[in-house]
Amino acid sequence: MKGFAMIRIGEVGWIDAQKPVAGPLDAIVRPLALSPCTSDIHTVWSGAIGERFNMVLGHESVGEVVEVGALVKDFKPGDRVIVPAITPDWGAVESQEGFSMHSGGMLAGWKFSNFKDGVFAEYFHVNEADANLAHLPDGVKPEDAVMLADMVVTGFLGVELADVNFGDTVAVIGIGPVGLMSVAGCGLRGAARILAVGSRPKCIEVARQYGATDIVNYRNGDIVEQIMEATNGRGVDKVVIAGGDVDTFAQAVKIVRPGGSVGNVNYLGEGDFVKIPRVEWGVGMGHKKINGGLTPGGRMKMEKMARLLQYGKLDTSLLLTHRFRGLEGVEPALMLMKDKPADLIKPVVTIDY
């Protein structure tokens, strides 16, 4: 079969790959909708997870089951499914401790385009199908549902890690697709005021549609100064970091009030250290909590997210700015994510059979 792969750090291309084989608990799926991610860009062009050779890329997909292992109970060939970006080993000790995303080691629940071939291929493998697939609800479009695989669950995780509550004032730093889903998640969790930090007009427009009350444009000056002025020097109750770099943590600590929380879901593709400002962190005693995490993956989480689309509580179509048809559309879609034109939020690739 053909797949679009990381040839090595800094190089991508189409390869002839081995068609995967399903074990007793597994499934083989062919894609119906795919979307590249900024994580793919970090992986290839920053070498963020180290060298990989001829590894098929991609971890955001909706597909159709073509084969299941003998022990799979809840899925059969022909079922349309949402495939989480994170597919843990659910019997691992780490999963039993509540950290399925780290089953087998740090970040090891993230298998696609990390430890094994990803979803940008004619067929792909899903381990533990009953635990790692979710049925696509009737009436939900595959291109809308593919945003659930990573963008929604990751954006919402930032909200959960920041412990956003009713009436909170929250800053969301970075309003790419994950940050936009953090904005939406803050609204669903009851935040009263949402300050969205970003500069691209399209993202700002969509952030307002998802509930942002204030826009903080870093091109207009230091975001710490802007946010502290906007909150009369108090700062915000919670911060979600969904963009930026290793220096963004210092900004987050400076703007969150004592007793507040910072939730990070930004993939730090470069840099050796995260710096925390001593004084603004209360010289170590400011009760300013910092949490960083990877979405847990799995069926239960994905089914819950799918219900939000099914019952009209969330509209992911606002994220989809560029559309491609056919598997060959993966390459230009990925390059869009690398180049990030001003009108881009997310590209989607749909495949008809």
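Structural remarks
- The dipole here belongs to the range 28-133: it is taken about the Cα centre, uses +1 on the Cβ of Lys and Arg and -1 on the Cβ of Asp and Glu, and is about 140 debye.
- Relative exposure of 210, 123, judged by other C-beta atoms within 10 Å (fewest first): 123, 210
- Coil-residue trypsin sites (Lys or Arg not before Pro) of the range 7-91, DSSP, other Cβ within 10 Å capped at 12: 73
- Within the range 250-281: backbone nitrogen closer than 18 Å to the residue 192 label point (7 Å, Cα to C-beta): 256-261
- Ranked 295, 321, criterion: other C-beta atoms within 10 Å, fewest first: 321, 295
- The dipole here belongs to the range 155-292: it is taken about the Cα centre, uses +1 on the Cβ of Lys and Arg and -1 on the Cβ of Asp and Glu, and is about 220 debye.
- Restraint check, 202/238; 19/76; 254/275, Cα-Cα greater than 21 Å: 202/238
- Overall, the chain carries a charge dipole of about 660 debye about its Cα centre when +1 sits on the Cβ of Lys and Arg and -1 on the Cβ of Asp and Glu, all other atoms neutral.
- For the range 224-327, chymotrypsin sites (Phe, Trp or Tyr not before Pro) are listed when DSSP marks them as loop and at most 13 other Cβ atoms sit within 10 Å of their Cβ; the list is 273, 311.
- Neighbour-limited loop hits for trypsin sites (Lys or Arg not before Pro), the range 204-257 (at most 13 other Cβ within 10 Å; DSSP other than H, G, I, E, B): 234
- Fraction of beta bridges assigned by DSSP in the chain that are antiparallel (%, nearest 5): 50
- Rough spin-label spacing in nm, given labels placed 7 Å along Cα→Cβ, for residue 163 and residue 274: 1.6
- Between the entries (1) 12; (2) 17; (3) 23, the label attached to percent of Cα pairs over 39 Å apart calculated for this structure is (1).
- Counting beta carbons within 10 Å around each of 2, 313 and listing the fewest first gives the order 313, 2.
Bear in mind that the values in this text are calculations on the coordinates, not laboratory data. If you're wondering where the values come from, they're calculated on a predicted model, not measured in any experiment. No Cβ is skipped: glycine too gets one built from the backbone with ideal geometry, and neighbour counts run over all protein chains shown.
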